[in-house]
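Report on the following structure.
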Amino acid sequence: MRFLALCLSLIATSLASEEVVLGLSQDQVAITTNFDGSEILLFGAVKREAPIPEEPLDVVIAVSGPSGPLTVRRKERKFGIWVNTDAVEIDAAPSFYAVATSAPFTEAISNVEDQRHKVSIPRAIRSVGAPMDVEDAQAFSEAVIRIRTAEGAYQLHENAVQVDQQTLFRTSIKMPANLTEGDYPTRIFLTRNGQVVSQFETMINVNKVGLERWLFDLSRNQPLIYGLMSLAIAIAAGWLASAAFQVLRRN
Amino acid sequence: MALSKIMQIYLPIAEVSVNAFLLLGLGGMVGILSGMFGVGGGFLMTPLLFFIGIPPAVAVATEANQIVASSFSGVLAHLKRKTVDLKMGTVLLTGGLIGAALGVVVFNYLKSQGQVDLLVRLCYVVFLGVIGSLMFVESLNAIRKSRNNAAPAKRKKHNWVHGLPLKMRFRVSGLYISVIPPVMVGILVGILSAIMGVGGGFIMVPAMIYLLGMPTKVVVGTSLFQIIFVTGFTTLLHATTNYTVDIALAVLLLVGGVIGAQIGTRLGTYLKAEQLRILLALLVMLVCGKLALDLLIEPSELFSIGAAGGH
């Protein structure tokens, strides 16, 4: 009896005392003029006081881009041409979302835990109110996943996290060239038997820098000056080309 | 690998990464057409930009800025050859600016009704189709006539246009007509250019030839002259209200574009007016056909993602 109690308390403490120590190859992604995507290496270790439990450890990593509302439209044939008919508002969908797991997704995290922590791609998209006249609202969020997966914005990498001796883990996430600025919440879940035993959250910051930053800020803060500058550049380029060809013709 | 990394450029407003040489090439190609035919090339470039993944709102606004550059380059070449009717251009422009302002109102109304996308496409198909086939038939007839009796076909005939009041003399065009038709043409083109995101040269050019009876030689330069101001106005409107003018994209397109326009203007002088018109007609019908097919054939992806509240 005492032995059993001891065992239970040991398991309980070991569950609570497993902690993630994370390292990132970079926690800043700078969007420069020749930015064409970035690969971020996520690596870490599991810190624990108690001996390693029997049950194998799984790691689930989710990196999410800034979330925002969307309108998804569906085309239908009307009068012989394809036109947008139904539209569904998606309340929040991340611009980027990558999930990497150390085992097949359903083994690494149970459905209940996925529901609670919103880890899988379909759960990362929040859609509350679809219009009453749209019957298959589900098809619209599925379409968002299909289109964005094809663009490389949504990624699911099963068995992509390497775990060594239940303690060290690492994976890399490839971020596409078409990144949106903002904070990218990065979550790491340690799971046993599909149950989350520990979780850790950090931020990857994606920012435009240099010329990109300056132009973007100018276009938002001083739109009239930005517009006039665009026109001036256009006219100067037109004049320069004309003058250059004039010289070429004379020679 | 290293080279492809250098060619890749991230556009600050569009927020996409594209190949710089691809943009230069596109700009150059469309620039040649613009110089040859006196069209801004927007009706070609805007769909091409959609195709390479630039967000539509950015494509439309930036294209307006690029047209300013290629038109300015083209108009300078035409000014040297004295083939710009500044007086007629100013009259057309007056109408154009009124039309552009009206067009923005119409555009916002359509947007609130939804389906603006479809309406823009239908506008393209109808206008390109009608103008393309009219020009094609007319140019064929002109070529046939000039072959039969060697004398160039005369297009200066009196129609209802010449019976209107407020007459004005347009020396460069050799016309003495009322200002009402050119102002009306300007307004119409202004409305369409605001809705369709183009300079409107492909409508302006035929309208000047067939409706106003202007000589083909003057038409191209005058059209370019007018387009500069209308698209410049549009650029400013987009930059201040929608923040969708991407200057990096515009610079790449216009470097290719202005060089292309210079080449195009010179190529144009080697061709006869009828040949020039028949080529433009074919081009217009080609774009029209492509857009019509897109509407008729079942798309591979029935769903599309748009910004929230955009319907």
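Values quoted throughout were computed directly from the atomic coordinates according to the rules given, and no laboratory measurement underlies them. A quick note: this is a predicted structure, and the numbers were derived from the prediction, not measured. All Cβ positions, even for glycine, are placed from backbone atoms using ideal geometry, and neighbour counts span all protein chains on display.
Across peptide B:71-83, the average count of Cβ atoms from other chains found within 10 Å of a residue's Cβ is 3.
Residues with beta-carbon under 12 Å from that of residue A:243, excluding residue A:243: net charge, scoring Lys, Arg +1 and Asp, Glu -1?
Local net charge: +3.
As a proxy for reagent exposure, ranking B:196, B:208, B:184 by other Cβ atoms within 10 Å from fewest up yields B:184, B:196, B:208.
Each label was represented as a point 7 Å from its Cα along the Cα-to-Cβ direction; for residue A:110 and residue B:269 these points are 8.2 nm apart.
Neighbouring Cβ atoms from other chains, within 10 Å of the Cβ of residues in A:32-43, number 3 on average. Suppose R0 equals 60 Å; then what is the FRET efficiency for residue A:81 and residue A:50 from their Cβ-Cβ distance, rounded to the nearest 0.05? Efficiency, from the Cβ-Cβ distance: 0.35.
When both bridge partners sit in the range A:16-208, DSSP labels roughly 85% of those beta bridges antiparallel. In the protein assembly as shown, the DSSP beta bridges split such that about 90 percent are antiparallel, to the nearest 5. Across the protein assembly as shown, Cα-Cα distances exceeding 36 Å account for 46% of all pairs. Among B:66, B:275, B:226, the largest mean-square fluctuation in a Gaussian network model of chain B (Cα springs under 10 Å) belongs to B:275.
The Cβ shell under 15 Å around residue B:254 holds other residues with a net charge of -2, Lys and Arg each +1, Asp and Glu each -1.
Across peptide B:288-301, the mean count of Cβ atoms from other chains lying within 10 Å of each residue's own Cβ comes to 2. How much mean residue ellipticity at 222 nm does chain A get from its helices, if each DSSP H run of length 4 or more adds -39500 (n - 2.57) and you divide by all residues, to the nearest 500 deg cm²/dmol? Theoretical 222 nm ellipticity from helices: -10500 deg cm²/dmol. Taking A:125, A:109, A:225 as the candidate residues, the one with maximal mean-square fluctuation in a Gaussian network model of chain A, Cα springs under 10 Å, is A:225. Number of Lys-Lys pairs in chain B with C-alpha atoms under 22 Å apart and a separation of 8 or more places or on different chains: 24. Applying 1/(1 + (r/R0)^6) with R0 = 25 Å to the Cβ-Cβ distance of residue A:158 and residue A:24, what FRET efficiency is obtained, to the nearest 0.05? Efficiency, rounded to the nearest 0.05: 0.70. Of B:298, A:113, A:151, the sequence from fewest to most neighbouring Cβ atoms within 10 angstrom is B:298, A:151, A:113. Ordering of A:158-166, A:138-146 by packing is A:138-146, A:158-166, highest average first (other Cβ atoms within 10 Å, averaged per residue). Name the residue farthest towards the positive end of the dipole of the protein assembly as shown from the options B:64, A:82, B:173, assuming +1 on Cβ of Lys and Arg, -1 on Cβ of Asp and Glu, about the Cα centre. Towards the positive end, the residue furthest out is B:173.
Lys and Arg at +1, Asp and Glu at -1: add these up for the other residues within a Cβ distance under 12 Å of residue A:110 and post the number. Local net charge: -2.
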